[in-house]
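Before any comments, here is the structure.
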Amino acid sequence: MRPTVAPFPAARLRRTRKSDALRALTRENRISCEDLIWPMFVCDGQNERQTVGSMPGVERKSIDLIVEAAREARDLGIPAICLFPYTDASLKTETCEEAWNPDNLSNRAISAIKSAVPEVAIMTDIALDPYNANGHDGIVRNGEIVNDETVDALVKMALAQAEVGADILGPSDMMDGRIGAMRTALEAEGHSNVAILSYTAKYASAFYGPFRDAVGASGALKGDKKTYQMDPANSNEALRLVERDLMEGADMVMVKPGMPYLDICRRVKDSFGVPTYAYQVSGEYAMIKAAAQNGWIDGEKVMLESLMAFRRAGCDGVLTYFAPEVARALNG
Ligand code: PBG
């Protein structure tokens, strides 16, 4: 649709901007607490909180405190949370078995939240990096991140998470064929109602730096993730990936990072019309927080404006570390 404009002065586009009331009536997009997915970091211990230096305001929390945070999400009207484990270095191996241990930190957190706060949807992360001695999302053999063997491991991980009550699985590994393999296994094992939100267009981005600190993967990672995550120069490839993941049984798709890739969000939404999400990643959060702490920008206004950008770009929701802060701001 092409907007029409009458010649001046028949059209004075400032008329609809003249007051709060007129601006409210003509507003095209709104952000709501219901669009938010709150990512959180879980660590071992009891009543344990650890600050993440590169993500001001974000803490790793032990399971009891994560359960409290899930209650807070529910009370704020945030429909979903997403869990990332801080795995002890002693549990990281080259074969990554801890990833599908039914009793690992992440799985214990899922079942604790599920029984305490069943209304909140629990999203997970599926990738081997928290459990991998070399920090990669896949199994490494002779310097190569091997695809098919990794997919077998990811399927075990997915089933273990579904078993303890995960509602939305989030494969963030970028291996080929993983969505189909997971969907087939979930159907076969009686988990046909577990949703998959695929990290479909996940770019090899430098914006993930603070996250890797938060999950303790920074020291471990050898090399980069360019053989599996996307080249930031590409756009058409993202559409091929979305089509592929949908054909394999993904329910929802994600673009990641968020703000630098809003063009991709818009293309995905326009091309497929499926539930589309963006991940406003750790580096995006850190940049806004750091500038706000320096007094260089108004942190709250920039936060809200950044989230509006995702709605404008066609996203149905956003994973953001700002989730509780945004919800508090929106709820007044
Ligand atoms: C791991 C994973 C990453 C993020 C989510 N899952 C990091 C990576 O791929 O290296 C990044 C999230 C963020 O930066 O906030 N598979």
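The values are calculated or read from the model by the stated rules, or taken from the named source; none is laboratory data. Because the structure is predicted, anything quoted here is derived from the model rather than measured. Here the Cβ positions follow ideal geometry from the backbone for every residue, glycine too, while neighbour counts run over all protein chains shown. Please note that ligands, DNA and RNA were not included when accessible areas were found on the heavy atoms of the full protein model with its side chains. Shrake-Rupley method; radii C 1.70, N 1.55, O 1.52, S 1.80 Å.
Confirm whether GLN50 is free of Cβ contacts under 8 Å to residues at least 40 places away in the same chain, surrounded by fewer than 17 Cβ atoms within 10 Å (Cβ to Cβ) and in a strand (DSSP E or B).
Judged against the criteria, GLN50 is a match.
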Restricted to region 69-91 and to residues being away from the ligand (no atom under 14 Å from the Cβ) and farther than 19 Å from VAL326 by Cβ, the residue surrounded by the most Cβ atoms within 10 Å (Cβ to Cβ) is LEU91
Taking region 190-209 and keeping residues open to solvent by 20 Å² or more (accessible area, probe 1.4 Å) and touching a helix residue (DSSP H, G or I) at 6+ places or on another chain (Cβ under 6 Å) leaves HIS191, PHE207, GLY209
Of the residues in region 170-188, those that are within 14 Å of LYS202 (Cα to Cα) and open to solvent by 30 Å² or more (accessible area, probe 1.4 Å) number 1
Would you check if VAL151 is within 15 Å of the ligand (Cβ to nearest atom), among the aliphatic types (A, V, I, L, M) and either in a loop (DSSP other than H, G, I, E, B) or open to solvent by 10 Å² or more (accessible area, probe 1.4 Å) (or both)? yes
ASP213 passes all but one of the listed conditions (1) open to solvent by less than 20 Å² (accessible area, probe 1.4 Å); (2) touching a Ser or Thr at 6+ places or on another chain (Cβ under 7 Å); the exception is number (1)
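Go through region 265-315 residue by residue and tally those that are in a helix (DSSP H, G or I), away from the ligand (no atom under 16 Å from the Cβ) and either open to solvent by less than 50 Å² (accessible area, probe 1.4 Å) or touching a residue at least 12 places away in the same chain (Cβ under 8 Å) (or both).
19
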Restricting region 24-47 to residues that are assigned to a loop (DSSP other than H, G, I, E, B) and within 29 Å of TYR131 (Cα to Cα), the one most open to solvent (accessible area, probe 1.4 Å) turns out to be GLN46
Checked against (1) open to solvent by less than 30 Å² (accessible area, probe 1.4 Å); (2) within 15 Å of the ligand (Cβ to nearest atom); (3) over 27 Å from ASN236 (Cβ atoms); (4) touching a residue at least 40 places away in the same chain (Cβ under 8 Å), ALA158 satisfies every condition except (4)
Scanning region 96-135 residue by residue, those over 20 Å from GLU72 (Cβ atoms), part of a loop (DSSP other than H, G, I, E, B), open to solvent by less than 10 Å² (accessible area, probe 1.4 Å) and not polar (S, T, N, Q) turn out to be CYS96, ALA127, LEU128, GLY135
Next on the checklist: Being more than 30 Å from GLU284 (Cα to Cα), under 20 Å from the mean Cα position of the chain (by Cα) and not charged (D, E, K, R) is the requirement here; does GLY165 meet it?
Outcome noted: yes
Filtering region 201-229 down to residues that are within 7 Å of the ligand (Cβ to nearest atom), in a helix (DSSP H, G or I) and in contact with a Phe, Trp or Tyr (Cβ under 9 Å, 6 or more places away or on another chain) yields PRO210, PHE211
